[in-house]
Amino acid sequence: MLAARRVLTSIPSTASKAYSTAAVQVAKSSNGVTVASVEESGPTAGLSVVVNGGSRLESTKGAAHFLKNYGFKNNAKRTAFRITRETELAGGVLSANLTRESIVYSAEFLSGDAAQFAEVLGDVVSNQKFQDHEFVDVAQQTAAESANAAASAEAAIFEAAHTTAFRNGLGNSIFASAASKVNNAAVKSYAAELFKTGNIALVGAGLSLDTVQKFAETYITAPAGSSSVTPAKYFGGESRVEAATGKSHLIIAFEGAPLNSAEYAAAQVLRFALGGEQRVQWAAAAGLLGEAAAKLGEGAELKAFNVGYSDAGLFGVYASAPSAGIAAASAAAAEQLKAVAGGVSEQVFASALAQAKFAAVSGFETRLDRLETVGSQALLAGKYTSAADATAALEQVSASDVAKVAQKLLSGKATTAALGDVYSIPYGDSLSL
């Protein structure tokens, strides 16, 4: 069975990076492919090919989205029909996922079928044909996914905030726009740039490291090399898009911190101090923003987010309300951002720290997320950050660190993205940040 996976289709509700408690081993195969194994017991197993790049490295906007959807199409060994049929007969599941920094092709299967699916995944990055007639189907699937994302106001404004904050690189959307000029040649060219052994990690769950390494050396025959990554640059600015979205939406964001940095850990605690999400069923949203939203009336929502990447980050607050109340909601969001820069109470800090620890340990539970996280970390950092490491970093954060990171955020240039009735949404410079 084939399945499509997406990430970041709305404001991230937990830590943008999750950590597994399972034992992990990381090594390098003889052909240059990074390999890793996640300890897991049971009759099923999983494999993921994680490719460094994602939408960040594309030169033709939208090419990464198309390339993600080219997974499991015709290759030099099998037709797409054969891949699908053999997967169904074996009871397996194939899927693909795209983030700003990686493209991931995955398989889950009965443990005895590991070699079969390792070959299928190896063919995706080694023997893909990229035939013109298949591009038509890929384009249709890509357009449908983009339309679905555009229909979500949270997804649309989150992408707009990234584009405003970073312009290119991390500013590239993970969704190809309707105006995209991607053709089959552009997708094939991007694949040739990314599908090199230095950009690829093969990660197994429920399989030994020796087995994963053997699979990498046997089935991945991509050329040697790796892609160069231009360091991320934050710009900031303002984006305003008029749309009939029912409610109006505003993101107020600032330059954040890279993953696994001390500043990122402090920003995570700040993110949970601000909060804004419902943590108890039927109860009001938690955190300072949750309390503020409760005072604004029905339909108002305020919540914080903290997204980290390998060398940059984006921290901010999302506000949503009916057009008549969006100005008040935006002002309340700005006021809470300014308030935390003056410090938070011991009770708020203790609660936020506990929530950040919980998110670090249990931010994901599925095998596919474990495989993707381990592969991305192994490729970008050359090591794996365990749950214990993440928790230890959070335990070093103090209440004064939270106030300092808030002050630093507010001292930088803001990014604001507005979507909806823009005549009702205040401009960023009117919020006195």
May I ask what percent, to the nearest 5, of DSSP beta bridges between residues of the chain are antiparallel?
75
Give the angle, between 0 and 90 degrees and rounded to the nearest 10, that separates the Cα long axis of helix 153-166 from the longest principal axis of the Cα atoms of the chain.
90
Would you work out which of Ala27, Asn306, Gln355 lies farthest towards the positive end of the dipole of the chain, given +1 charges on the beta-carbon of Lys and Arg and -1 on that of Asp and Glu, about the Cα centre?
Ala27
Stokes-Einstein D (µm²/s) once Rh is taken as the Kirkwood radius of segment 111-165 over alpha-carbon pairs, at 20 °C in 1.002 mPa s:
149
Could you check how much of the accessible area of segment 133-251 is carbon and sulfur, as a whole percent, using a 1.4 Å probe?
53
Inter-centroid distance (Cα atoms) of segment 314-377 relative to segment 185-263, Å:
22
Net charge, Gly42 excluded, C-beta distance under 12 Å - Lys, Arg +1, Asp, Glu -1:
-2
Roughly how many debye, to the nearest 20, is the charge dipole of segment 152-247 about its Cα centre, given +1 on each Lys and Arg Cβ, -1 on each Asp and Glu Cβ, and no other charges?
200
Charges only on Cβ, +1 for Lys and Arg, -1 for Asp and Glu: so what's the dipole of the chain about the Cα centre, in debye to the nearest 20?
640
Find, among the trypsin sites (Lys or Arg not before Pro) in segment 211-268, those assigned to loop by DSSP (not H, G, I, E, B) with at most 16 other beta-carbon atoms within 10 angstrom.
Lys233
Run the dipole for segment 217-333 about the Cα centre, Lys and Arg Cβ at +1, Asp and Glu Cβ at -1, nothing else charged, and hand back the magnitude in debye, nearest 20.
220
With a bin width of 10 angstrom, please list the P(r) values of the chain as percents of all Cα-Cα pairs, from the 0 bin to the one holding the largest distance.
5, 22, 30, 25, 14, 4, 0
If you fit an axis through the alpha-carbon atoms of helix 184-194 and take the longest principal axis of the Cα set of the chain, what angle between them do you get, 0 to 90°, nearest 10?
90
Using the Karplus equation 6.51 cos²θ - 1.76 cosθ + 1.60 (θ = phi - 60°), what ³J(HN,Hα) coupling, rounded to whole Hz, does each residue of segment 197-212 give in order, writing x for Gly and Pro?
4, x, 9, 10, 10, 10, 10, x, 10, x, 10, 6, 4, 4, 5, 4
One point scatterer per Cα, no solvent, Debye formula: log10 I(q)/I(0) for segment 287-433 at q = 0.17 Å⁻¹ comes out as -1.10
Please name whichever of Gly342, Val104, Ala329 sits farthest to the positive end of the charge dipole of the chain, dipole taken about the Cα centre and charges placed at Cβ: Lys and Arg +1, Asp and Glu -1.
Val104
Would you kindly state the longest site-free stretch of the chain, with sites defined as GluC sites (Glu not before Pro) in a DSSP loop (not H, G, I, E, B) surrounded by at most 16 other Cβ atoms within 10 Å?
40-297
Local net charge near Leu353, Cβ-Cβ under 13 Å (Lys/Arg +1, Asp/Glu -1)
-1
Need the list of lysines near Lys181 for cross-linking: C-alpha distance under 21 angstrom, and skip anything on the same chain fewer than eight residues off.
Lys61, Lys68, Lys129
Per residue, accessible area of segment 250-349 with a 1.4 Å probe, heavy atoms of protein chains only, in Å², comes to 37
What one gets for segment 305-362 as the Kirkwood radius, inverse of mean 1/r over different Cα pairs in Å, is 13.7
Selection from Gly316, Val422, Gly237 lying farthest towards where the dipole of the chain points positive, charges on Cβ:
Gly237
Roughly what angle does helix 326-340 make with the longest principal axis of the chain, taking Cα atoms, 0 to 90 degrees, to the nearest 10?
90
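The values are calculated or read from the model by the stated rules, or taken from the named source; none is laboratory data. Quantities reported herein were computed from a predicted structural model and do not represent experimental measurements. Here the Cβ is made from the backbone with ideal geometry for all residues, glycine too, and neighbour counts use every protein chain on show. For the accessible areas, the whole protein counts, side chains as well, though only heavy atoms, and no ligand, DNA or RNA atoms are used. Shrake-Rupley method; radii C 1.70, N 1.55, O 1.52, S 1.80 Å.
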